[in-house]
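To start, the structure itself, in structure tokens.
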Number of protein chains: 2
Amino acid sequence: MTSVPFNWKLLEKAELNQSFDLETALNHLKFNADGLIPAIAQQYDTHEVVMMAWMNLDAIKETLKTQRVCYWSRSRQAYWRKGESSGQIQHLKELRIDCDGDTLLLLVDQIGPACHTGRRSCFYAVADQDELRVNSEPLISPEALYGK
Amino acid sequence: MTSVPFNWKLLEKAELNQSFDLETALNHLKFNADGLIPAIAQQYDTHEVVMMAWMNLDAIKETLKTQRVCYWSRSRQAYWRKGESSGQIQHLKELRIDCDGDTLLLLVDQIGPACHTGRRSCFYAVADQDELRVNSEPLISPEALYGK
């Protein structure tokens with residue numbers, strides 16, 4: 001078995017459509033001290049950024065294998081299979097890694113709201129002059145999402 | 001001077017276009033142990049996610065005041081006024097905060113490439129079956145961006 005060298009500097013110089021072993025690249029991801037990496041979720045067709053959460057290496061591998069997004073919940077200290085309690089799952093369309101291997105961009109098909117408030121996107125608070133303004137309403141009430 | 005209460009739970013229940021004092025909200029942002037918060041930069045019109053970097057409170061305030069994006073560089077441990085050495089500046093169009101106050105979304109007008117490799121976006125490496133594939137070429141060479 002041949003060993004293909006990999007580092008993020010090599011990737012910089014790569015030509016269009018040049019490819020590297022994915023498993024090797026994943027093993028070069030730069031996780032933080034808690035073993036986590038930020039993952040941005042963007043709706044693949046409308047390009048709306050719906051949320052950001054965190055993944056560990058196993059969550060990334062599960063997501064790639066199942067094509068359903070699995071995060072690591074820092075508050076619960078547990079795997080967080082998006083939609084497992086609300087039904088609002090995220091189908092993975094594409095996973096991208098940034099230039100220095102410390103952030104992920106997930107192109108997803110988000111069923112219903114991504115936000116626990118019932119809004120489509122978690123980014124619903126907008127800085128507007130000296131105020132923070134709410135720019136959207138829930139599609140579904142949190143009570144309906146999570147039960148009473 | 002009246003004091004308006006603020007917390008992220010109050011925001012959840014807010015109605016469309018309800019607003020809160022921005023300065024108060026910024027003081028409730030959840031920074032990490034290094035005093036930083038992740039900031040996703042998205043091109044405001046095409047909706048392409050071009051990069052993610054980190055900000056401290058002063059970088060956020062400077063960005064809102066000047067409407068030019070200023071990050072905190074973790075590698076250089078210094079303010080990073082995007083484009084100060086490359087000329088590829090980011091004009092701020094809108095700053096959004098997520099539902100629990102621990103991530104920012106910046107809608108920007110990115111002049112030229114956002115990525116230090118000269119590519120438009122830092123997210124140019126795509127997981128494709130068992131390979132990591134380069135999906136774009138530099139618009140400008142890094143040498144031209146940063147000088148020799």
Problem set entry | In the range A:79-93, the residues that are open to solvent by less than 50 Å² (accessible area, probe 1.4 Å) and in contact with a Phe, Trp or Tyr (Cβ under 7 Å, 6 or more places away or on another chain) | A:Lys82, A:Ser86
For this session: Please verify whether the range A:21-37 includes one or more residues that are crowded, with 18+ Cβ neighbours inside 10 Å and over 16 Å from the mean Cα position of the chain (by Cα).
Result: yes
Exercise. Within the range B:139-148, how many residues are open to solvent by 60 Å² or more (accessible area, probe 1.4 Å), of a type outside the set (A, V, I, L, M) and within 22 Å of the chain's Cα centre (by Cα)?
Worked result: 1
Problem set entry | Condition check for B:Ala41: open to solvent by less than 10 Å² (accessible area, probe 1.4 Å), modelled with pLDDT of 95 or more and closer than 30 Å to A:Ala14 by Cα | yes
Exercise. Given the conditions (1) within 18 Å of B:Leu106 (Cβ to Cβ); (2) crowded, with 20+ Cβ neighbours inside 10 Å, and given that A:Arg133 satisfies all but one, which numbered condition is not satisfied?
Worked result: (2)
For this session: Return yes when B:Asp128 is free of Cβ contacts under 8 Å to residues at least 12 places away in the same chain and over 21 Å from B:Thr66 (Cα atoms) and no when it is not.
Result: yes
For this session: For the range B:102-127, name all the residues that are more than 12 Å from chain A (Cβ to nearest Cβ), open to solvent by 10 Å² or more (accessible area, probe 1.4 Å) and hydrophobic (A, V, I, L, M, F, W, C).
Result: B:Ile111
Seminar exercise, completed: Those residues of the range A:128-139 that are in a loop (DSSP other than H, G, I, E, B) and either among the polar types (S, T, N, Q) or at the interface with chain B (Cβ under 7 Å from one of its Cβ atoms) (or both) come to a total of 5
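The values are calculated or read from the model by the stated rules, or taken from the named source; none is laboratory data. Every value quoted in this text rests on a predicted model; they were computed, and no experiment measured them. Cβ atoms come from the backbone with ideal geometry, glycine included; neighbour counts cover every protein chain shown. Quick note on the areas: whole protein, heavy atoms, side chains included, nothing else; ligands and nucleic acids left out. Shrake-Rupley method; radii C 1.70, N 1.55, O 1.52, S 1.80 Å.
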